[in-house]
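Chemist: Sharing a structure below in structure tokens format, with a few things to ask.
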Amino acid sequence: MVAQTRTPRSTWIDAGLAALASGGPDAVRVDLLAKALDVTRGGFYHHFDNRGAFLEALLQEWEHRSTDEVLDRVEAEGGDPRDKVRKAGMLTFSEDLLPIDLAVRDWARRDKSVARRLRRVDNRRMDYLRALIGTFSDDPDDVEARGMLAFSLAIGSHFIAVDHPGSSRKQVLERATRRLLS
């Protein structure tokens, strides 16, 4: 008799994060994920007690990937503080993490516990920005303003639908980042 293999926890998490990114928390349904993974629901309950526990695991994984992994990688790769700010922003709001981050932000508007987690994550990100910017600006008000502008640029630029005559969006964002970090 061949032993059945279970769908790994990480596969469920990845599928859940993809569903969250594409449709918000309402799209994170055990039956839909099982169907998408072409498995039964039973394996899900081997890893998670219920949907609530699964949603919590998704938030934990998002937090880990978007803070711990990003900051560890930025520090491991090194560079001057300005390069680290750029790299942290690029990684945090990468093609993989940005859709999840935006879904969590939307979810946080309706769920106080998610809002508390988002605040913790954003505070950690902002603390990192303050520390880096503080290495080339000794004015606490300037550090705070630059950090807020950098954070706003990284998040807000995804919500602004505007043309940039004579420049690409990427060029405009690069110039804006250079100004913030000069």
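Chemist: Check every one of the helices (runs of 4 or more DSSP H) wholly within segment 1-51 and list those with 1 or more residues that are among the acidic types (Asp, Glu).
Modeler: It comes to 9-23, 30-37.
Chemist: Same structure, new question: Considering only segment 128-182, state which residues are touching a residue at least 24 places away in the same chain (Cβ under 8 Å) and among the basic types (Lys, Arg).
Modeler: Across segment 128-182, the qualifying residue is only 146.
Chemist: Could you tell me which of the residues 95, 56, 77 is under 12 Å from the mean Cα position of the chain (by Cα) and surrounded by fewer than 17 Cβ atoms within 10 Å (Cβ to Cβ)?
Modeler: Exactly one residue qualifies, and that residue is 95.
Chemist: What is the one condition in (1) of a type outside the set (A, V, I, L, M); (2) without any contact (Cβ under 8 Å) to a residue 12 or more places away in the chain; (3) surrounded by 15 or more Cβ atoms within 10 Å (Cβ to Cβ) that residue 123 does not satisfy?
Modeler: The number of the failed condition is (3).
Chemist: Hey, another quick one. I'm trying to understand the selection: among the residues of segment 162-182, which are among the β-branched types (Val, Ile, Thr) and either surrounded by 10 or more Cβ atoms within 10 Å (Cβ to Cβ) or within 23 Å of residue 145 (Cα to Cα) (or both)?
Modeler: 172, 177 - these are the residues of segment 162-182 that are among the β-branched types (Val, Ile, Thr) and either surrounded by 10 or more Cβ atoms within 10 Å (Cβ to Cβ) or within 23 Å of residue 145 (Cα to Cα) (or both).
Chemist: Does segment 144-160 include one or more residues that are at pLDDT 95 or above and outside any helix (DSSP H, G or I)?
Modeler: Scanning segment 144-160, I find no residue that is at pLDDT 95 or above and outside any helix (DSSP H, G or I), so the answer is no.
Chemist: Report, by residue number, each residue of segment 98-112 that is within 15 Å of the chain's Cα centre (by Cα) and either among the small types (Gly, Ala, Ser) or not in a helix (DSSP H, G or I) (or both). Show your work before the answer.
Modeler: Let us first name the residues in segment 98-112 that are within 15 Å of the chain's Cα centre (by Cα), namely 98-108.
The answer is 103, 108.
Chemist: Please verify whether residue 65 is outside any helix (DSSP H, G or I), of a type outside the set (Ser, Thr, Tyr), under 20 Å from residue 27 (Cβ atoms) and at pLDDT 95 or above, treating the condition exactly as stated.
Modeler: Criteria not met by residue 65.
The values are calculated or read from the model by the stated rules, or taken from the named source; none is laboratory data. Owing to the predicted nature of the structure, the values given are computational and were not obtained by experimental measurement. With ideal geometry, Cβ positions are generated from the backbone for all residues, glycine too; neighbour counts draw on all protein chains shown.
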